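Enquirer: Take a look at this one; I'll ask things after.
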Amino acid sequence: MKSIRTKISFTLILCTLVSIIICGGISIINTARKVSNDSSRQMQLTCQNESNGLNATLKEISDSVNTLSSISLSYLDDVQKFKTDKTYVDSYTEKLKPLFRQFAKNTEGVMTAYIRFNPDFAYPTSGLFLTHNDSKSAFKFTTPTDFSKYDKSDSEHVGWYYVPVESKTPMWMTPYRNSNLGIYMTSYVVPIFIDGESIGVIGMDIDFSLFTDIVEHASIFKSGYAFLTDSNETIVYHKTLDNGTSIKEVSPSLHKSIQNAKNPNSTLGYTYEGKTKYLYSTLLSNGMHFNMTATKTEIYHDAYKMALLILSGSFAALIISVIIGLFFGQYIANPILKLKDIVVQTAQFDFTPSKYGTKLCNIKDETGQMARGIREMRNNLRKITSDIQDTQSTLTQSMLDLMDTSNQVAKMSEDNSATTEELSAAMEETAATMESIETTMQTIKSESEQIKANCDNGASLASEVKVRANQLKQDTKKGSEQTRQMYDNLLTKTETAIDKAKTVEQINQLANVILDISEQTNLLALNASIEAARAGEAGKGFQVVASEIGSLATQTASTTETIKSTIVDIHSVVDNMTECLKECTNFLNTNVLTDYDEFLATSEHYANDAQNYEEGMSAIKCSIESLSKAIEDISEAINGVNITVEETSVGITDIASKAQDTTMAIENNNTHIQANDEQIKKLQGILEMFHMK
């Protein structure tokens, strides 16, 4: 088992180690981030400073050419003569020579200065071309390029003229190598326009070493260097790579980073020749990019160095912490170990004073508090042991007194038990009698409730009979009234029908008249036929009409006979119907109305009987309810007596049971007294184990 000294030392060392790891880790991360940011910032500032120098040189040259262009235009006072008069052009050119010589001398890096006129109206070699072979030799004017030898599309030879003219803005040309001078150069060209018409161009060819010297001397960290690229990601100047080399060929990762970069002036990471590098690029005023690059190792060199320093310091702090932890572990653990010895001594019931007790109690920290607490505990245990000795004597005397009292209580409990048994037998007989009475009362109560239920049903039926009798009375009265009304209506309609039946006689008379008319019409038709026969051929048409009239008269007579026959039948039916209606009215008046009067009297008598029956059932119901209430009161009284008897019986039984329990408790008490006597003897043996001196 590990000692507390080891645990304390281990805890101190572990806490120190964790603190060092956390603080050191945070310090390393923050320091590395800060140093790397400072290194990146240093590279950016260096790149910005160098690019500012390049931009200043570019601006100086462009300002010189722009100023030269403005002054040259001020000398041109007659554009029309300039376009048409060669002598004027030559004179104008001569005026410009001193000006060009002065600007060429005062502008750094100039290899040639020139002005060329529009070949569309000027002769092909018009203009000035001032040049020298190197910076040490003097400038001299030479014959300009003959435009007539080259086509406008020949950008290699005359592109320096036509490209700026077409763009109509001053511009820096892409660096190129001049084969005549053997020098790498770049040009700044300003197109000249008057009223929107091209007059020519003014430009200067600059020795590109003016810029490459700045780039070559630009450096960062140990091996960091600078290089130039154009807008197409092509190398313009590099220490080791050829001009014209594409960035994509050299480092695809750098090409991808440039493509993904949102800001042209930004830091980009890439891989070149197996090394991770960072590049910062700025855009120059001539459209080229000034780039500074360095390896990640050099950029983070100071960060790595600082991290190593922090790790070294952390390790040294850990060693010191281990030594201090061991020392303080020993210092803290020694008092605790001495306290442990005292606790072990106490556990062995040895309360003799310890030689370290006073010294430990004088300690001011928690260890001293524990020592003082243990000392107080030992003093209390001494006092408790003394109290136990006194209590042991008192318990012995109390045990003897308790044994005498228990014997007396046992005798009294036996007497109480006999008395309660006699009371219990008497209460059991009383309870049996009350149960018999209660059973009889329950039977009476049940029968009275049945009678009450029958009365309720009878009253309900009487109410229903009364309702039905009243309804029958109303229905009979209503039926009598409807029958009488029907009789009156039927009598009226019968008389009306008899009166209307007499019109059948009139129809019969009309039929006889129609029959007479048809006979006369038939005679007229016969006479007409005779007259038509006499008339011969001329009366044939009339004969046909007379024949049709005769036929119609015959049909009319036949129809009239049919009508008369039908009228005879109708007359017979009307007579029968009249007789039937008279019999119906006599039956309604003689039998039906008389029966309805008897029904009405019977229904009234029936309703009166139902009323009397309902009142009788209500009286019986009230009597039964009073009887039921009396039975319930008697039953409740019997229940109360029965409950009292039961409670008394239970109480007597409980007294007997408790008397028995008391007897058993006394016996158990005697057993415990004997056991306590044995425990007191054991307690005496335990007290002998304590060492108090």
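Enquirer: Could you calculate the FRET efficiency of Ala347 with Thr11 from 1/(1 + (r/R0)^6), where r is the beta carbon distance between them and R0 is 35 Å, rounded to 0.05?
Expert: Taking R0 as 35 Å, the efficiency between Ala347 and Thr11 is 0.85.
Enquirer: Is the shape of region 218-299 rounded, prolate or oblate, going by the alpha carbon gyration tensor and its root eigenvalues a ≥ b ≥ c, with a/c under 1.5 for rounded and a/b larger than b/c for prolate?
Expert: Since a/c stays below 1.5, the shape of region 218-299 is classed as rounded.
Enquirer: Compute the FRET efficiency between His672 and Glu429 as 1/(1 + (r/R0)^6), taking r as their Cβ-Cβ distance and R0 = 41 Å, and round to the nearest 0.05.
Expert: Once the sixth-power term is evaluated, E becomes 0.50.
Enquirer: Using Cβ contacts closer than 10 Å as the measure, can you line up Lys97, Lys477 from fewest to most?
Expert: Lys97, Lys477
Enquirer: Count charges around Leu130 for me, please; just the other residues with Cβ under 11 Å from its Cβ, Lys/Arg as +1, Asp/Glu as -1.
Expert: Here the count lands on +3.
Enquirer: Would you please name the GluC sites (Glu not before Pro) within region 38-140 that are DSSP coil residues with at most 16 other C-beta atoms within 10 Å of their C-beta?
Expert: Glu108
Enquirer: Another question about this same structure. Residue separation times 0.36 nm, minus the C-alpha to C-alpha distance between Gln369 and Gln679: what's the value?
Expert: Gain on stretching Gln369 to Gln679: 107.9 nm.
Enquirer: Once the other residues with Cβ under 14 Å from the Cβ of Thr107 are scored (Lys, Arg +1; Asp, Glu -1), what is the net sum?
Expert: Taking every Cβ under 14 Å from that of Thr107, the sum is -2.
Enquirer: Run the numbers for Asp516 and Ile26: contour at 0.36 nm per residue of separation, minus the present Cα-Cα distance, in nm.
Expert: This chain segment gains 161.6 nm when fully extended.
Enquirer: Continuing with the same structure: Once you place label points 7 Å from the Cα toward the Cβ at Asp456 and Asn612, how far apart are they in nm?
Expert: Placing both labels 7 Å along Cα→Cβ, they lie 2.8 nm apart.
Enquirer: Additional query: Under a crude label model (7 Å from the Cα following the beta-carbon direction), how far is Ser219 from Asp151 in nanometres?
Expert: 5.1 nm
Enquirer: List the lysines whose alpha-carbon lies under 21 Å from that of Lys658, not counting same-chain residues fewer than 8 positions away?
Expert: Lys411
Enquirer: Please state the shape class of region 158-266: rounded when a/c is under 1.5, otherwise prolate if a/b exceeds b/c and oblate if not, all from the C-alpha gyration tensor. Please list the in-between numbers first.
Expert: Details: a/c = 2.45, a/b = 1.69, b/c = 1.45.
Here region 158-266 falls in the prolate category.
Enquirer: Counting other C-beta atoms within 10 Å, which of Cys47, Cys580 has the fewest, and how do the rest follow?
Expert: With the fewest neighbours first, Cys47, Cys580 line up as Cys580, Cys47.
Enquirer: Too long at a 29 Å Cα-Cα cut-off: which of Lys452/Lys477; Lys59/Lys136; Lys359/Lys681? Mind showing how you got there, number by number?
Expert: Details: Lys452/Lys477 37 Å; Lys59/Lys136 24 Å; Lys359/Lys681 40 Å.
Those over the limit are Lys452/Lys477; Lys359/Lys681.
Enquirer: Could I have the simple spin-label model distance between Ile194 and Val544, label points 7 Å from Cα toward Cβ, reported in nm to one decimal?
Expert: Reported label-point gap for Ile194 and Val544 is 12.9 nm.
Enquirer: Using alpha-carbon positions, what is the distance between the centroids of region 34-105 and region 265-315, in Å?
Expert: Spelled out, the Cα-based centre of one part sits 36 Å from the other.
Enquirer: List the lysines whose alpha-carbon lies under 24 Å from that of Lys478, not counting same-chain residues fewer than 8 positions away?
Expert: Lys466, Lys493
Enquirer: Hey, which of these cross-link pairs are over 18 Å Cα-Cα: Lys275/Lys296; Lys239/Lys277; Lys338/Lys364; Lys95/Lys149; Lys222/Lys275; Lys222/Lys305?
Expert: Violating the 18 Å Cα-Cα cut-off are Lys95/Lys149.
Enquirer: Determine, for Ser155, Ser354, the number of other Cβ atoms within 10 Å of each Cβ, and report the residues in order from fewest to most. Could the numbers behind the result be given before it?
Expert: On the way: Ser155 13, Ser354 20.
Ranked by crowding around the Cβ, least crowded first: Ser155, Ser354.
Enquirer: Between Ile319 and Ser209, what is the FRET efficiency for a Förster distance of 60 Å, r being their Cβ-Cβ separation, to the nearest 0.05?
Expert: Plugging the Cβ-Cβ distance into 1/(1 + (r/R0)^6) gives 0.50.
Enquirer: Now, a different point. When a/c reaches 1.5 or more, the comparison of a/b and b/c decides; with that in mind, is region 1-94 rounded, prolate or oblate per its Cα gyration tensor?
Expert: Values: a/c = 12.83, a/b = 10.98, b/c = 1.17.
It is prolate, given that a/c is not under 1.5 and a/b is the larger ratio.
Enquirer: Could you point to the residue in Ser398, Met377, Leu360 farthest towards the positive end of region 358-398's charge dipole, with +1 and -1 charges on the Cβ of Lys/Arg and Asp/Glu respectively?
Expert: Positive-most Cα among the choices belongs to Leu360.
Enquirer: Still on this structure, please answer the following. Taking K and R as +1 and D and E as -1, what net charge do the other residues with C-beta under 14 Å from the C-beta of Met370 add up to? Walk me through the numbers on the way to the answer.
Expert: On the way: positive: Lys338, Lys340, Lys359, Lys364, Arg372, Arg375, Arg378; negative: Asp341, Asp365, Glu366, Glu376.
Computed value for this residue: +3.
Just so you know, all these numbers are worked out from the coordinates, no wet-lab data involved. These figures come from a predicted structure and were not determined experimentally. Using ideal geometry, Cβ is built from the backbone for each residue, glycine included, and neighbour counts are taken over all protein chains shown.
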